[in-house]
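**Student:** Sending over a structure as structure tokens; questions will come in a sec.
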Amino acid sequence: MKFEIDKTRIPQHIAIIMDGNGRWATERGLERSAGHQEGVEAVRRVTTECSNLGVKFLTLYTFSTENWNRPVDEVAALMGLVLTALEDEIFMKNNVRFRVVGDRTRIPDVVKKKLADTEERTAKNDKMTMVLALSYSSRLELASVARQMAQEVKDGTLNPEDINEQTMEEHLWTSFMPDPELLIRTGGELRISNYLLWQIAYTELYFCDTYWPDFMVEDLYKAIASYQSRHRRFGKTEAQMEREASASNFF
């Protein structure tokens, strides 16, 4: 699949819903935590390859606010894996910056400190930014945006007539990066699961049956090849897009 990709048209922001860790483990008679551990290896593979390809932002749906409802031992194992993964030198080796989006108030203090330390340690890395959506909910994010803007209106620092799409985007947790061009979901489910609902308005969606621990570099290339085969019109007609492309080539 590598040879089917146009290296000049790599999506600058790829978002991934890493699904299937638990099912991967269950089908092998293992504890669900074993699937999450293998999932960390997949994160390393994909992060390294995306950095090599020239992807600028990679956002990984790591733990949703709904995941707090899972069994206590599984949540504890997941938090432990976050700590382990952040010890990995993949960020420094690949010049990758690390950032987190989500509600940190429920995250254990030891994990919060490690997250902050890793963000600080990698702050000057500039080849790619890897973002963990951790304790994340898109609805919670949008509610937070509404509260923040309401407070600004109350304080007199924001005029209601000035609220528009740009204002919303400036208040999002993800305001530091562009919207995803490609969203990949592994594991065979065909839903978004409360992930980046505002940001994926015009994102190309790619679903595959492969469980996340089995997601290899070849699978990433297949997803990118699918993305490159599509025409992104953003509400315009095909004829409009062709005219704009011709004008751009002319100049």
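**Student:** Rounded, prolate or oblate: which one fits the stretch 80-144, using the alpha carbon gyration tensor with axes a ≥ b ≥ c (rounded when a/c is under 1.5, else prolate when a/b beats b/c, else oblate)?
**Tutor:** Taking the square roots of the gyration eigenvalues as a ≥ b ≥ c, the stretch 80-144 is oblate.
**Student:** Pop out the carbon and sulfur fraction of the accessible area of the chain as a percent, whole number, probe 1.4 Å.
**Tutor:** Carbon and sulfur together cover 51 percent of it.
**Student:** Pop a pseudo-label 7 angstrom from the Cα along the beta-carbon direction at both Asn159 and Ala116 and give the gap in nm to one decimal.
**Tutor:** Here the modelled spin labels are 3.8 nm apart.
**Student:** Also: For the chain, calculate the relative contact order in percent as a whole number, restricting contacts to Cα pairs under 8 Å that are 6 or more residues apart.
**Tutor:** After rounding, I find 28 percent.
**Student:** What number comes out for accessible area per residue over the stretch 180-222 if the probe is 1.4 Å? Units Å², please.
**Tutor:** 42 Å²
**Student:** What is the Å³ per residue value for the convex hull set by the Cα atoms of the stretch 1-118?
**Tutor:** About 120 Å³ per residue, rounded to a whole number.
**Student:** With the Cα gyration tensor of the stretch 24-73 giving a ≥ b ≥ c as the square roots of its eigenvalues, does the rule (a/c under 1.5 for rounded; else a/b larger than b/c for prolate; else oblate) give rounded, prolate or oblate?
**Tutor:** Details: a/c = 4.13, a/b = 1.64, b/c = 2.52.
Note, shape of the stretch 24-73 comes out oblate.
**Student:** Also, quick follow-up: I need the semi-axes of the equivalent ellipsoid of the chain: take the C-alpha gyration tensor, multiply each eigenvalue by 5, square-root it, list largest first in whole angstrom.
**Tutor:** 29, 26, 18
**Student:** Could you please report the charge total around Leu58, scoring K, R as +1 and D, E as -1 over all other residues with beta-carbon less than 13 angstrom from its beta-carbon?
**Tutor:** Neighbour charge sum, excluding Leu58 itself: +4.
**Student:** Let me ask another. If you stretched the chain out fully between Phe176 and Gln151, how much longer would it get, using 0.36 nm times the residue separation minus the C-alpha to C-alpha distance?
**Tutor:** In short, 6.8 nm is gained.
**Student:** Quick one: pull the percentage of alpha-carbon pairs in the stretch 98-206 with a separation above 22 Å.
**Tutor:** Of all Cα-Cα distances in the stretch 98-206, 45 percent exceed 22 Å.
**Student:** Tell me the per residue accessible area of the stretch 1-142 using a 1.4 Å probe; a whole number in Å² is fine.
**Tutor:** Computed with neighbouring chains in place, this is 48 Å² per residue.
**Student:** Additional query: Provide Lys154, Lys7 ordered by accessible surface of protein heavy atoms (probe 1.4 Å), highest first.
**Tutor:** Lys154, Lys7
**Student:** Still on this structure, I have one more. For a 20 Å ceiling on Cα separation, which of these pairs sit above it: Lys112/Lys154; Lys124/Lys222; Lys56/Lys124; Lys7/Lys93?
**Tutor:** Lys112/Lys154; Lys124/Lys222; Lys7/Lys93
The values are calculated or read from the model by the stated rules, or taken from the named source; none is laboratory data. Fair warning: this is a prediction, and the values are worked out from it, not measured in the lab. FYI the Cβ positions are ideal-geometry reconstructions off the backbone, even for glycines, and counts take in every protein chain you see. We work out accessible area using only protein heavy atoms, side chains counted, and drop any ligands, DNA or RNA first. Shrake-Rupley method; radii C 1.70, N 1.55, O 1.52, S 1.80 Å.
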